[in-house]
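Notes for the one structure printed next.
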Amino acid sequence: MLKLAIDFQISFIDYPILSEWCTSLYTVGCPHNCPGCHNEPLKDKDYPHVMEMCVSEWLIAMSEFSEYNKSDNFVIVGGEPLAPWNIDSIRELLMLNTKYNICLYTGYDVEYVKSHNIKGFKFLKTGKYDKNTHNDLPLDQNTVFNLGSSNQKLWDSQFNLISNNGIFKGK
């Protein structure tokens, strides 16, 4: 069972193509303890405001969110989606997904993702947030998406690095 924080939300800033909105789904529990975490309460894997769902229930919920929000874009964030207590369900969800554009956020590096056979996403954001390299550069006509800090990386579905210094300029 995967724990989904009840406070999911529609987002215009979390999906790497800012002209498209997404539904952000929040997993709970995170082992990273990044200073300046933007989801501090979700670090607790026993966070009380959750729905526990199996993968098939997640897919049904995603269908409902997609229809309601008029978007097939999802960001799975946390907490930490690839924490030991979440990783098997996330892997299964990504393997079963045939419809949705998923951007997976993780504090782990790309080698961790590859070594755990995680695939089936459209975008992958890796790396722990580092408040000392916070990326607050303004978006301009050449920048599509800023990651939280310049040490973080954005990858496509084939594990091609598509960002540089925390900035994604598009394809």
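Computed from the coordinates by the stated procedures, all read-outs in this text should not be read as laboratory data. As the structure is a prediction and not an experimental result, all values here were calculated from the model. Neighbour counts run over all protein chains shown; Cβ positions are idealised from the backbone, glycine included.
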Under-30-angstrom lysine pairs by C-alpha in the range 67-164, whenever the two are 8 or more apart or on separate chains: 24
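What number, rounded to the nearest 500 deg cm²/dmol, is the helix-based mean residue ellipticity at 222 nm of the chain, given -39500 (n - 2.57) per DSSP H run of at least four residues and division by all its residues?
Values: 3 runs with 31 residues, N = 171.
After summing the helix terms and dividing by the residues of the chain, the value is -5500 deg cm²/dmol.
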Stretch gain in nm, segment residue 132-residue 51, where the contour uses 0.36 nm per residue and the Cα spacing is subtracted: 25.8 nm
Most mobile of 97, 73, 132 in a GNM of the chain (Cα contacts under 10 Å): 132
Charge-dipole axis of the range 9-74 as Lys and Arg at +1 and Asp and Glu at -1 on Cβ define it, positive-most pick from 17, 38, 55: 38
Rounded to whole Hz, the Karplus (6.51, -1.76, 1.60) HN-Hα couplings of the range 52-67, x for glycine and proline: 8, 9, 7, 4, 4, 5, 4, 5, 5, 4, 5, 4, 5, 4, 4, 5
Equivalent ellipsoid, the range 50-111 (semi-axes from 5 times Cα gyration tensor eigenvalues, Å): 20, 13, 11
Nitroxide proxy distance, nm - points 7 Å out along Cα→Cβ at residue 32 and residue 160: 2.5 nm
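Using the eigenvalues of the Cα gyration tensor, what equivalent ellipsoid semi-axes result for the chain when each is taken as the square root of five times the eigenvalue, whole Å, largest first? Write down the numbers at each step before the final one.
Details: eigenvalues 105, 68, 50 Å².
Equivalent ellipsoid semi-axes, largest first: 23, 18, 16 Å.
Charges only on Cβ, +1 for Lys and Arg, -1 for Asp and Glu: so what's the dipole of the chain about the Cα centre, in debye to the nearest 20? Present the calculation step by step, with values, prior to reporting the outcome.
Working: 15 positive and 20 negative charges, 99 e Å.
Around 480 debye, computed over the chain.
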Ranked by how many other beta carbons lie within 10 Å on average, peptides 57-65, 26-34 from highest: 26-34, 57-65
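How big is the dipole moment of the range 66-115 about its Cα centre under a simple scheme where the beta carbon of each Lys and Arg is +1, that of each Asp and Glu is -1, and everything else is neutral? Debye, nearest 20, please.
Dipole about the Cα centre, nearest 20: 140 debye.
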